[in-house]
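This report concerns only the one structure given below.
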Amino acid sequence: MATAPNNRFNQDERRRNADHVSFLKHKKFRWLWIAVLLCMASIAGYALIDQEPRPNGGSWYGYTLGTIGLMLIVWLSLLGIRKRKMTAGQWSLKAWTSAHVYLGLALIVVGTLHTGFQVGWNVHTLAYFLMLTVIISGIYGVIVYAALPSTLSSNRNELTRAQMLEALTALDRQLESAAQPLDRQQSDLVISALGQDVFYGGLFARLAGAYPRCATNRALKSLPETSGQTDDPEERVRALLTKRSDQLGQIRRHLRIRAMLEIWLFVHIPATIALLAALLAHVVSVFFYW
């Protein structure tokens, strides 16, 4: 009678273990081996065909590889739609993502052999290089998603973005009060620091992590050396500005990591749409002039 509960417990345990396995290692690298077999079969077919000139996109073998590549590209582009449906089992989102990565890499071999190593200033070569752009941006995406989330979590120190901003706001209120005894020039520098947009600098500043016009650092550098006494207004402002600079550093590191995690999508998705359009033009032109 205890067999059924035990079986259910074992199934739940296996499911929990599977949930912690990376999509790259899904089912013991199942889709990696499928992609390797596809590449080996494509290379073997190209190498064993006794034909001069060598097979290209206009040969029967080129059409075969082109058809396989087209079907793969269309199927792989559906991942965005697939993400909206969370399911388990054989075609879980993890399995689909694993296939997306490894079969996408296999397209480098399939697509290159389809061209027969012939390139030119035409829509066919455009489709090929758009495909490479999509794949390269996808490789970057896989790398950053494997490496950066732990860095992001460590930098947050169990704080949400909203909580980091709230901590900065609390420091700003203290600074506004502490800066009142300062002279006009120093007070204006502190007010300028408080008024500067936390998110200034744009995308390139976020990616580089460089903010040379940071008003907080400018105000901090402008304060003269103090006696170190805690009741000195300038010393209190210096301490608060130092805390503010550290808090801004945490927020900016958070923004930089988020930007690095998301920037590839601004290449990957538009390039995928352009690739599908170029493939349509490629297929239509091939059959029109065939």
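The values are calculated or read from the model by the stated rules, or taken from the named source; none is laboratory data. Model, not experiment: these values are computed from the prediction. Every residue, glycine as well, gets a Cβ built from its backbone with ideal geometry; the counts of neighbours run over all protein chains shown. The area values use the complete protein model at the heavy-atom level, side chains included, leaving out ligands, DNA and RNA. Shrake-Rupley method; radii C 1.70, N 1.55, O 1.52, S 1.80 Å.
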Quick one: Karplus J couplings for the stretch 278-286, per residue in order, coefficients 6.51, -1.76, 1.60, θ = phi - 60°, nearest Hz, x for Gly and Pro? 5, 5, 4, 5, 4, 5, 4, 5, 5
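Longest segment of the chain with no GluC sites (Glu not before Pro) in a DSSP loop having at most 14 other Cβ atoms within 10 Å?
Numbers: sites that count: 158, 225.
The longest uninterrupted stretch comes out as 1-157.
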The chain - percent relative contact order, Cα under 8 Å, separation 6 or more: 22 percent
Expected max-MSF residue from 144, 198, 101 in the GNM of the chain (alpha carbon, under 10 Å) is 198
Could you check which residue among 138, 80, 66 shows the biggest mean-square fluctuation in a GNM of the chain with a 10 Å Cα cutoff? 80
Please express the Cα-Cα pair-distance distribution P(r) of the chain as a list of whole percents, one per 5 Å bin, running from 0 to the bin with the greatest distance. 1, 5, 9, 11, 10, 10, 9, 8, 7, 7, 6, 6, 5, 3, 2, 1, 1, 0
What percentage of the solvent-accessible surface of the stretch 163-290, computed with a 1.4 Å probe over protein heavy atoms, is contributed by carbon and sulfur atoms? 59 percent
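With a cut-off of 8 Å between alpha carbons and a minimum separation of six or more residues, what is the relative contact order of the stretch 24-150 in percent?
Details: 89 pairs, mean separation 45.3, N = 127.
In percent, rounded to a whole number, it is 36.
Kirkwood Rh over Cα pairs of the stretch 142-290 into Stokes-Einstein at 25 °C, 0.890 mPa s: D in µm²/s? Can you show the working numbers first?
Values: Rh = 18.5 Å.
The Stokes-Einstein estimate is 133 µm²/s.
For the stretch 200-273, what does the accessible surface come to per residue with a 1.4 Å probe? Please give it in Å². Before the final figure, lay out each step's value.
Working: 4150 Å² over 74 residues.
Heavy-atom SASA per residue in the stretch 200-273 reads 56 Å².
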Among 201, 111, 69: highest mean-square fluctuation, GNM of the chain, C-alpha pairs under 10 Å: 201
From the P(r) of the stretch 114-199, could you give the percentage of C-alpha pairs in the tail past 17 Å? 71 percent
Can you give the longest stretch of the chain with no exposed loop site, where a site means trypsin sites (Lys or Arg not before Pro) in a DSSP loop (not H, G, I, E or B) with at most 15 other C-beta atoms within 10 Å? 86-212
